[in-house]
Amino acid sequence: MSDRATKTITDQSAVVMTATTTGTGWLVERYNEATVTIDVTAEVGTVTLDATVQTSPDNSIWATHTAFSQ
């Protein structure tokens, strides 16, 4: 039995994105690690998929934690 707290978070599920999109923030202070899954089901034309995970102590000032580029 694991003593790790886990939670599945889904953001922007089943939506068409045509420009830069910003998701919502989540309170994650109970967690020590994360697994990020980006599921792209289709693309049209020439696109890029870059994702950035940011952290904030107050939900106002943000700093980049991790960045994924295509």
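The values are calculated or read from the model by the stated rules, or taken from the named source; none is laboratory data. What you see is a predicted model; the values in this text were computed from it and never measured. Cβ sites come from the backbone with ideal geometry, for glycine too, and all protein chains shown count toward neighbours. Surface areas here come from the heavy atoms of the whole protein model, side chains and all, with no ligands, DNA or RNA. Shrake-Rupley method; radii C 1.70, N 1.55, O 1.52, S 1.80 Å.
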When you look at THR8, is it open to solvent by 90 Å² or more (accessible area, probe 1.4 Å), under 14 Å from the mean Cα position of the chain (by Cα) and modelled with pLDDT under 75, yes or no? yes
Among MET17, MET1, which is the only one that is assigned to a loop (DSSP other than H, G, I, E, B), surrounded by 10 or more Cβ atoms within 10 Å (Cβ to Cβ), modelled with pLDDT under 75 and aliphatic (A, V, I, L, M)? MET17
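How many residues, within the range 34-65, are free of Cβ contacts under 8 Å to residues at least 24 places away in the same chain and within 22 Å of ARG4 (Cβ to Cβ)?
Let us first name the residues in the range 34-65 that are free of Cβ contacts under 8 Å to residues at least 24 places away in the same chain, namely 34-35, 37, 39-55, 57-58, 60-65.
Next, from what is left, pick out any that are within 22 Å of ARG4 (Cβ to Cβ): 34-35, 37, 53, 55, 65.
Residues that pass the stated criteria total 6.
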